[in-house]
Amino acid sequence: CYKGPNNYVFEEINLPQLQENQVLVKIDAFGINPLDLTFLSGQGSSFGLGIEEGPHPVGTEGTGVVIAAKGDNVQFLLDKRVSCLSHSKGVFGDYVVLDRFEVAEVLPNVQIEEAATLQNGAATAQMFLQRAREHNVKAAVNTAANSVLGRIVNRLFKKHNIPLINIVRREAKAQQLREEGAEYVLVSSEQNFDQQFQELAQKLGVNVIFDCIGVMNKEKEFMKKLVIKLIQLLKLMCLEHLIQINLTKRLKYIVKTKVKKILLMEKLLFIPVSYTH
């Protein structure tokens with residue numbers, strides 16, 4: 001539980017009563033995501049942490065089995081393994097009450113460590129691919145490309161032969177992406193970055209840009225400014241149908257579509273992150 005910036009304790013708290021279209025999940029494992037470290041350092045106020053008196057349960061992502069459900073729309077999840085993603089309920093515990101769109105059923109051949117870190121990585125990358133295809137993607141821009149999500153997006157688009165311009169801040173990160181097979185990598189701190197970006201975007205016919213930033217903190221404020229700058233550069237090229245895709249409502253999209261089924265054919269998407277049983 002979070003009690004203040006860098007002040008967190010193990011503590012028993014009462015679970016809320018199940019409301020309509022909610023489920024009770026017995027947590028088996030959870031991922032330790034960079035987002036959780038952001039929250040624990042005191043930068044999670046945008047999701048409610050620190051606004052009211054604590055303690056606040058923390059943890060954004062995990063997996064477990066649904067042991068109770070309230071409402072006709074969630075009964076089918078009883079006794080099913082689910083992947084969980086919530087920015088406010090807290091999955092770092094034995095049990096958690098979640099809304100319908102905060103869980104997605106996990107199919108049997110998905111391993112527990114994959115299920116525990118599914119939503120923020122592989123499923124989100126697959127969502128990016130599907131939404132890009134809905135907009136007839138020709139080529140795309142991958143911001144925050146050296147993050148776990150950005151690296152998964154690079155692997156996925158390479159597999160499906162969609163040109164992707166990966167943007168990083170340092171040459172060392174660019175080299176890492178190249179070693180993972182990235183064909184187009186640009187370093188935003190280089191002096192001639194703007195010109196390189198515009199020329200490559202024009203050559204590839206970029207019409208989609210991904211905002212992989214998510215929750216804001218001081219480091220990501222720089223990235224947000226970079227995304228705005230990239231969009232302005234693309235608009236200067238008179239692109240009429242530029243599509244910006246971000247993380248908004250991603251879990252609802254994942255639950256409503258066939259993302260989880262497609263993931264079974266995309267095992268290359270999973271990049272190990274810290275998790276615990």
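The values are calculated or read from the model by the stated rules, or taken from the named source; none is laboratory data. If you're wondering where the values come from, they're calculated on a predicted model, not measured in any experiment. Every residue, glycine among them, receives a Cβ derived from its backbone with ideal geometry; neighbour counts consider all protein chains shown. The area values use the complete protein model at the heavy-atom level, side chains included, leaving out ligands, DNA and RNA. Shrake-Rupley method; radii C 1.70, N 1.55, O 1.52, S 1.80 Å.
Could you check the stretch 108-160 and list, in sequence order, the residues that are of a type in the set (D, E, K, R) and in contact with a strand residue (DSSP E or B) (Cβ under 6 Å, 6 or more places away or on another chain)? Please lay out each step first, then the result.
Of all residues in the stretch 108-160, those of a type in the set (D, E, K, R) come to 113-114, 131, 133-134, 138, 151, 155, 158-159.
Listed by number, the residues that qualify are E113, R131.
Open to solvent by 30 Å² or more (accessible area, probe 1.4 Å), touching a residue at least 12 places away in the same chain (Cβ under 8 Å) and of a type in the set (S, T, N, Q), is that true of Q126? Reasoning before the result, please.
Details: open to solvent by 30 Å² or more (accessible area, probe 1.4 Å): no; touching a residue at least 12 places away in the same chain (Cβ under 8 Å): yes; of a type in the set (S, T, N, Q): yes.
Judged against the criteria, Q126 is not a match.
Among the residues of the stretch 89-106, how many are open to solvent by 40 Å² or more (accessible area, probe 1.4 Å) and in a loop (DSSP other than H, G, I, E, B)?
3
State all residues of the stretch 188-215 that are farther than 27 Å from F39 by Cβ, of a type in the set (F, W, Y) and surrounded by 18 or more Cβ atoms within 10 Å (Cβ to Cβ); if no residue qualifies, say none.
Result: F197, single match.
For the list (1) open to solvent by 10 Å² or more (accessible area, probe 1.4 Å); (2) hydrophobic (A, V, I, L, M, F, W, C); (3) over 30 Å from K3 (Cα atoms); (4) assigned to a loop (DSSP other than H, G, I, E, B), I need the number of the one condition that V185 fails.
(4)
Look at L85 and say whether it is under 19 Å from L18 (Cα atoms) and open to solvent by less than 30 Å² (accessible area, probe 1.4 Å).
yes
Name every residue in the stretch 14-39 that is within 13 Å of T117 (Cα to Cα), open to solvent by 30 Å² or more (accessible area, probe 1.4 Å) and assigned to a helix (DSSP H, G or I), in order of residue number.
Once the filter is applied, which keeps residues that are within 13 Å of T117 (Cα to Cα), open to solvent by 30 Å² or more (accessible area, probe 1.4 Å) and assigned to a helix (DSSP H, G or I), the stretch 14-39 yields only P34.
Say whether the condition of being out of contact with any Ser or Thr (no Cβ under 6 Å at 6 or more places or on another chain), touching a residue at least 60 places away in the same chain (Cβ under 8 Å) and open to solvent by 10 Å² or more (accessible area, probe 1.4 Å) is met by at least one residue in the stretch 153-167.
So the first thing to find is which residues in the stretch 153-167 are out of contact with any Ser or Thr (no Cβ under 6 Å at 6 or more places or on another chain), and the list is 153-166.
Narrowing further to those that are touching a residue at least 60 places away in the same chain (Cβ under 8 Å): 155-156, 159.
With open to solvent by 10 Å² or more (accessible area, probe 1.4 Å) added as a condition, the list becomes 155, 159.
Yes, the conditions are met somewhere in the stretch 153-167.
For every residue, the table says whether it meets (1) under 22 Å from the mean Cα position of the chain (by Cα); (2) part of a loop (DSSP other than H, G, I, E, B).
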{"site": "Q126", "(1), (2)": "yes, no"}
{"site": "Q130", "(1), (2)": "yes, no"}
{"site": "R133", "(1), (2)": "yes, no"}
{"site": "V141", "(1), (2)": "yes, no"}
{"site": "A144", "(1), (2)": "yes, yes"}
{"site": "G150", "(1), (2)": "yes, no"}
{"site": "I162", "(1), (2)": "yes, yes"}
{"site": "L177", "(1), (2)": "yes, no"}
{"site": "Q191", "(1), (2)": "no, yes"}
